[in-house]
Amino acid sequence: MTNIKAALFQTDWTGDKESMIVKHEEAAREAAAQGAQVMCFQELFYGPYFCQVQDAQYYEYTEYIPDGPTTQRFMKLAAELNMVLVLPMYEIEQPGVYYNTAAVVDADGTYLGKYRKQHIPQVQGFWEKFYFKPGDGGYPVFDTAVGKVGVYICYDRHFPEGWRALGLNGAEIVFNPSATHRGLSEYLWSIEQPAAACANIYYVGAINRVGIEELGENDFYGQSYFVNPRGQYVGEKGHAHDPELIVRDLDMDVFREVRDGWQFYRDRRPEAYGDLVEN
């Protein structure tokens with residue numbers, strides 16, 4: 001059996017960027033102490049979820065990737081802990097061009113690349129088009145020390161096409177860092193990622209922040225979890241209100257077993273799906 005120990009860290013906003021970064025460094029060290037080999041943080045991990053309002057002051061949270069201080073800091077930590085890290089951050093490409101991005105760092109501290117969130121909402125409490133340009137980098141899969149890792153960020157999860165693209169690109173584990181609050185979303189949270197995992201036959205790590213932040217009344221409901229390629233939860237979901245470090249064993253033999261059994265990739269009919277991209 002080939003097991004990978006993977007971690008998620010759901011938490012609340014501390015009130016400032018530096019203490020938030022330190023909090024995540026401490027969580028990564030604790031995860032490593034529990035044997036974790038790969039870890040993902042929540043969406044826009046070092047800040048509040050500022051998209052509850054539309055205010056240009058939050059552009060100050062942008063950083064260059066990989067040359068910015070936070071990526072460089074966690075590259076060193078990844079090498080120290082021998083842990084693959086997925087770092088969801090607010091990226092600046094140039095002044096006025098900003099992305100909701102996740103940097104992926106290998107266990108030796110090497111920066112492997114980034115995924116830029118493709119689907120950008122603009123509704124009450126999620127004013128993301130004010131802050132982010134839609135991603136332009138496709139659906140990359142990163143060849144890490146623990147296998148092939150993909151990322152799909154928050155609102156992306158409502159769009160099945162990207163989940164499938166990640167599978168076609170070879171993903172074995174896909175992380176879905178999020179900032180999402182109670183309401184219809186809470187019910188969808190329990191079914192969308194398991195459905196994507198079994199439809200595309202890979203592991204999914206779904207992570208959501210917790211608490212109510214001063215920028216709005218959104219109550220982030222946590223409940224982070226891993227789900228296997230059969231759509232089954234791996235262990236319990238995270239707490240609905242409290243910060244929690246979630247470490248789970250992922251049996252990677254299941255990935256191959258289910259792929260060989262269900263054969264969804266063999267039985268696809270892409271020549272019959274033209275209307276999906278023409279309308």
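The values are calculated or read from the model by the stated rules, or taken from the named source; none is laboratory data. Keep in mind that what you see is a predicted model, and the values were worked out from it rather than measured. Glycine also receives a Cβ, built like all others from the backbone with ideal geometry; neighbour counts cover every protein chain displayed.
General observations
- Hey, Tyr90 farther than 24 Å from Arg256 by Cα and not acidic (Asp, Glu) or not: yes
- Conditions (1) surrounded by fewer than 22 Cβ atoms within 10 Å (Cβ to Cβ); (2) modelled with pLDDT of 95 or more; (3) among the hydrophobic types (A, V, I, L, M, F, W, C): number failed by Val277: (2)
- Val105 fulfils the conditions (1) over 24 Å from Phe220 (Cβ atoms); (2) surrounded by fewer than 20 Cβ atoms within 10 Å (Cβ to Cβ) except for a single criterion, (2).
- Condition met for Asn228 (modelled with pLDDT under 95 and polar (S, T, N, Q)): no
- When the stretch 157-190 is filtered for residues that are at pLDDT 95 or above, in a helix (DSSP H, G or I) and among the small types (Gly, Ala, Ser), the ones remaining, listed by number, are Gly162, Ala165, Gly167.
- Breaking point among (1) aliphatic (A, V, I, L, M); (2) touching a residue at least 60 places away in the same chain (Cβ under 8 Å); (3) in contact with a Leu (Cβ under 6 Å, 6 or more places away or on another chain), for Val38: (3)
- Of residues in the stretch 191-212 being under 16 Å from the mean Cα position of the chain (by Cα) and assigned to a loop (DSSP other than H, G, I, E, B), the one nearest to Gly261 (Cα to Cα): Tyr202
- Any hit, the stretch 81-91, residues being part of a strand (DSSP E or B) and among the β-branched types (Val, Ile, Thr): yes
- Residues satisfying the stated conditions in the stretch 213-240, i.e. under 20 Å from Leu44 (Cα atoms), under 17 Å from the mean Cα position of the chain (by Cα) and part of a loop (DSSP other than H, G, I, E, B): Gly222, Gln223, Ser224, Gly238
- The stretch 99-156 - residue that is free of Cβ contacts under 8 Å to residues at least 12 places away in the same chain and either part of a strand (DSSP E or B) or β-branched (Val, Ile, Thr) (or both) and, of those, nearest to Phe74 (Cα to Cα): Gln122
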